[in-house]
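**Q** Next up is a structure, given as structure tokens.
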Amino acid sequence: MEIFTIKNLTFKYPQSKNYALDNISITVNKGEFLLLCGKSGCGKTTLIRQMKAVLAPAGEKSGEIYYKGKPLCDVPERIAAQEIGYVMQNPDRQIVTDKVWHELAFGLENLGYKNSAIRIRAAEMASYFGIQNWFHKDVKELSGGQKQILNLASVMAMQPGVIILDEPTSQLCNIAAQEFLALLKRLNDELGITVIIIEHRLENVFAMCDRAAVMDKGKIISIGSPQQTIHNIKDDDFFDAMPVPVKICASLGAPEYNVPVNVNEGRCFLEKYLKGKALPNADDTYYKEFGGDNIIEASDVWFRYDKNGEDVLKGLNLSVKKGKLTCVLGGNGTGKTTMLYTLCGLYKPYRGKITVKGRNIKKWGSGLYGKVIGVLPQDPTALFRRDNVYEDISECAAGAENADKKIEEISRFLDITDILDEHPYDLSGGEQQRCALAKVLLTEPEILILDEPTKGFDGFHKRKLAEIFKTLLDIGITVLMVSHDIEFCAEYADICALCFDGGITVSGNVKEFFSGNSFYTTSANRMAREYFPYAVTAEEVKELCITT
Amino acid sequence: MRNQFENRHPLTQFVYFMMVFGISVFVMHPVITGTAFVSAVILGVVIDRKRFLKMLFCLYIPAVIIGIMINPLFSHEGITILWYFPDGNPLTLESIIYGIMSGIMIGSIFALFFSFNKIMTSDRIMYLTGCVFPHISLIIAMALRFIPEFKHHLSEVLNAQKCIGKGVNEKNVFNKVKNACAIAQIMATWAFESSVERSDAMRARGYGLRRRSRYVPFQMTKWDIILMIFMLITGSIVIYSLISGGVYVWYYPYFKINEAGGYAYIVYFLYAAMCMLPVFDILLEEAVWKSLRSKI
């Protein structure tokens, strides 16, 4: 039975020249797990918002949407609210009330359920989603992953038949994202809930979906089973976003319609592929020690927020090499962000010493910010002060010689010349990040510090960011970033460090770092570590396989 | 772990506190006020001994002593003169008695407030508000959600601005004010943006449909009803006796109290029983638990 049938749907935002959705026809079957992917700005969100009538954006629209055979606009609002669940990207902004139990009850209150019925549902949801231990907690005490699970649970409490999710894991770390997706799969398997999900990170979700639809410029360019999708978009540049095992195996000539989609299948494939071939000796040309000066040095740093609180940093030792890209990895809540803010002097450690360019950080004063250190916070909107991008970034160049020229150069370099007249809040996440970066770079820092710069980015924007980093490194700027994006760090970092329990557990050259870990490493490395322990990116594995 | 009375229905707790607070604030009868003080102290000790005793000795008792000392200094009414101050004003027995009683009254209200704070948590108060104004309780819940989020984002913005040299701790006053204004503006924009997204999430979950109900996470048991009826009856008897003049007290011009007798004893007893109700409730439950566990 079809849940949604969309026929020739075309949509245009007011004051926009291009069609956001261009003649889209798609059917979603009952109990299906449908993945919707595509580059940023290809109309994915616009499309799924059309399926939830109260959230559909205003604009020129033609074509029909049917829900269970009825036109969607004729479905009563009460039925639509109850049967079509919707989960958004930002875990924080969807939570309405201050208590977990109240959040679970909120939807049912709106529908006018009786107290006893709500009690049963809330208990049921709490048990199914493993919430019972934090049922009475304040929402502000929860982690990002828990918040998103709460959002899912509070939508599921209304017992919808179909659930629509708009990049639900993009703000979560890897482990929380996997947990969330596993729950979703369970809902689909055990209860037959239809799932329609948009995702950027395809690593896990691609293997679990029934069908995947790929969009580009408002059109659906491919729809079908994962294998069918691999076949269809083989030559498209979106193929780069596919999971690593798919990319490696497809280029090594895996059989059509039987391409490995997860690490385990990939391993089996490599085993067969490399059978009987002579493996190269463990190549230690990869291994190189970085010389050079330490531009930031922290030794035995201890920090806590409150006098009576717990230590967040416990004897942190870290040295950042000049002119290199250093990445600090680690899960949520290990003190990464605290470490970053301590290293740039915003938080004062109660014990230990931090030096920047050989000078104690306490002696720098406010001269440290701007010329020496530039910090890009996790949320770029924290930087925007004006209502258009040009005014906003020029604020940071004010007073400098030939400011106009510098602004022009930077905007060209970061590819934001087209959006200089827009309001910073109207931009997409990637564009906001680039504008914020422009602002920080205009203060001409020697050290650039970034907090989770790849959060919510798709592959294309990640590559773009990496190019920017490379140019900066070439002109001698030091970059330090914290991230839980293992794949990005493996591909572009010079030095990696693992933050755990308030300190740095391991740090070293990127190859050495990843080949030494067996869980906390890239999927390419997990796939091929038996044969090529030092290969960490998909490209390297591919190359080594071909040359052997 | 929360004890038995803390787990009772908010309405039961509310009736208790209103009765005891109300009578303590308006009546300053030596026996009634004394009973209220003693039972408030016992309740405090039962609920959280360590913190209550600390508060009692560091804050409540000093406040009581100050109250006792201040009244005779400023009030010179009364006919039993004990002594004359150097400035010629009399020190009277009545003003001393009145001072002691008002000190104990203040002490009992403080002590009761300690328990009130512990027992009436925000969600309970919200439930009670919601009984009278159904829409306000959701607004309060949303505000309680929004405030910590706002504070968190504010600290993020302050840090971010400081790092690009636009912080609020600059020496130049003009720049300082300018930057502070800019930050206020950032926060306003952010609040607006996030509320747009939140209202989307609310509508997606059916907010705005007719006939909204209100989920109450508390269940009223038969014991709640029994306790409430008991408190209402005893409270009414006590209040009636106070209004009708069966139980009374005068401080000025001379100290006079109702005669001790069967009627007065009954009123005293009923009031004490009402004040001690939560203590009995807690201790009885604990005793039941202990005896049940000892049989395992």
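Nothing in this text is a laboratory measurement; each read-out follows from the coordinates by a stated rule. As the structure is a computational prediction, the values presented were derived from the model and not from experiment. Using ideal geometry, Cβ is built from the backbone for each residue, glycine included, and neighbour counts are taken over all protein chains shown.
**Q** Calculate, in nm to one decimal, what A:Glu2 and A:Asn18 gain on full extension: separation in residues at 0.36 nm each, minus their alpha carbon distance.
**A** Result: 2.8 nm gained on full extension.
**Q** Can you give the FRET efficiency for A:Lys324 and A:Lys405, using 1/(1 + (r/R0)^6), R0 = 30 Å, r = Cβ-Cβ distance, to the nearest 0.05?
**A** 0.55
**Q** Could you compute the FRET efficiency for A:Arg463 and B:Arg214, with r as their C-beta to C-beta distance and R0 at 45 Å, rounded to 0.05?
**A** Given R0 = 45 Å and the Cβ-Cβ separation, E is 0.30.
**Q** In whole Hz, what ³J(HN,Hα) sequence does region A:410-417 give by Karplus (6.51, -1.76, 1.60; θ = phi - 60°), x for Gly and Pro?
**A** Per-residue couplings from phi come out as 4, 5, 5, 4, 9, 6, 10, 4 Hz.
**Q** Using Cα centres only, tell me the gap between region A:302-374 and region B:150-190 in whole Å.
**A** After rounding, the separation between the Cα centres reads 21 Å.
**Q** Estimate the FRET efficiency between B:Ala143 and A:Asp189 by the formula 1/(1 + (r/R0)^6), using the beta-carbon distance for r and 51 Å for R0, to the nearest 0.05.
**A** The calculated FRET efficiency here is 0.80.
**Q** Sticking with this structure for a sec: Looking at region A:14-151, I'd like the Rg to Rh ratio, where Rg is from alpha-carbon atoms and Rh is Kirkwood's inverse mean 1/r.
**A** Rg/Rh: 1.01.
**Q** Another question about this same structure. With n ≥ 4 as the cut-off for DSSP H runs, can you work out [θ] at 222 nm for chain A, using -39500 (n - 2.57) per run divided by the number of residues, rounded to the nearest 500?
**A** Counting only the DSSP helices, I get -10000 deg cm²/dmol.
**Q** For a distance above 18 Å, tell me the whole-number percent of Cα pairs in region A:209-323 that qualify.
**A** 70
**Q** Determine ³J(HN,Hα), in whole Hz, for all residues of region B:20-28 in sequence, where each value follows from phi through the Karplus function 6.51 cos²θ - 1.76 cosθ + 1.60 and θ = phi - 60°; x replaces Gly and Pro.
**A** 5, 4, x, 5, 5, 6, 8, 10, 10
**Q** Return a single number: how many Lys pairs in region A:26-181, at a sequence separation of 8 or more or on separate chains, have alpha-carbon atoms below 12 angstrom apart.
**A** 5
**Q** Same structure, new question: If you take the alpha carbon radius of gyration of region B:143-296 and divide it by 2.2 N^0.38 Å, what ratio comes out, to two decimals?
**A** With N residues counted in region B:143-296, Rg over 2.2 N^0.38 Å equals 2.02.
**Q** How large is the Kirkwood hydrodynamic radius of the protein assembly as shown, counting all unique pairs of alpha carbons, in Å?
**A** Over the protein assembly as shown, the inverse of the mean reciprocal pair distance is 31.8 Å.
**Q** Check which residues have an amide H placed less than 5 Å from B:Ile257's amide H, if you skip close sequence neighbours.
**A** For B:Ile257, whose amide H was placed from the backbone, the distant partners under 5 Å are B:Trp250.
**Q** Separate question: What order do you get for A:Thr454, A:Thr169 when you list them from fewest to most C-beta neighbours inside 10 Å?
**A** Going from least to most buried by this count: A:Thr454, A:Thr169.
**Q** Once amide H atoms are built 1.01 Å from N in the peptide plane, which residues 5 or more positions from A:Lys324, or in another chain, come under 5 Å H to H?
**A** Under 5 Å from the amide H of A:Lys324: A:Val479.
**Q** With just the Cα atoms of region A:130-250, tell me how far they stretch along each of the three principal axes, in Å, largest first.
**A** 52, 28, 26
**Q** Using the Karplus curve 6.51 cos²θ - 1.76 cosθ + 1.60 with θ = phi - 60°, what ³J(HN,Hα) values do you get for each residue of region A:114-120, in whole Hz, with x for Gly and Pro?
**A** My calculation for region A:114-120 gives 6, 3, 5, 5, 5, 4, 5 Hz in order.
**Q** Any idea how far the Cα center of region B:23-100 sits from the one of region A:448-515, in Å?
**A** Taking the Cα centre of region A:448-515 as reference, the centre of region B:23-100 is 68 Å away.
**Q** So what is the calculated 222 nm ellipticity per residue for chain B, using -39500 (n - 2.57) for each DSSP H run with n of 4 or more, over all residues, to the nearest 500 deg cm²/dmol?
**A** Result for chain B, helices only: -24500 deg cm²/dmol.
**Q** Can you pull the semi-axes for chain B, root of five times each eigenvalue of the Cα gyration tensor, sorted largest first, whole Å?
**A** Ellipsoid half-lengths, sorted descending, are 47, 32, 19 Å.
**Q** Residues in region B:100-118 near a label at B:Phe57, defined as backbone nitrogen under 20 Å from the 7 Å Cα→Cβ point?
**A** It comes to B:107-108, B:110-112, B:114-115, nothing else.
**Q** Right, next: Expressed as a whole number of Å, what is the distance separating the alpha-carbon centroids of region A:177-222 and region B:254-296?
**A** 63
**Q** Greater than 25 Å separation of Cα atoms is the criterion. Which listed pairs, A:Lys462/A:Lys511; A:Lys353/A:Lys464; A:Lys7/A:Lys185; A:Lys321/A:Lys542; A:Lys455/B:Lys176, meet it?
**A** A:Lys353/A:Lys464; A:Lys7/A:Lys185; A:Lys321/A:Lys542; A:Lys455/B:Lys176
**Q** Oh, and also: Step through the table entries A:Lys336/A:Lys362; A:Lys314/B:Lys151; A:Lys217/A:Lys336; A:Lys322/A:Lys348, compare each Cα-Cα distance with 30 Å, and write down the pairs that go over it.
**A** Too far apart for the 30 Å limit: A:Lys217/A:Lys336.
**Q** On each of the three principal axes of the Cα atoms of region B:1-150, give max minus min coordinate, whole Å, ordered largest first.
**A** 61, 29, 28
**Q** Expressed in nm², what is the orientationally averaged projection area of the convex hull enclosing the Cα positions of region A:428-501?
**A** The directionally averaged projection comes out at 5.3 nm².
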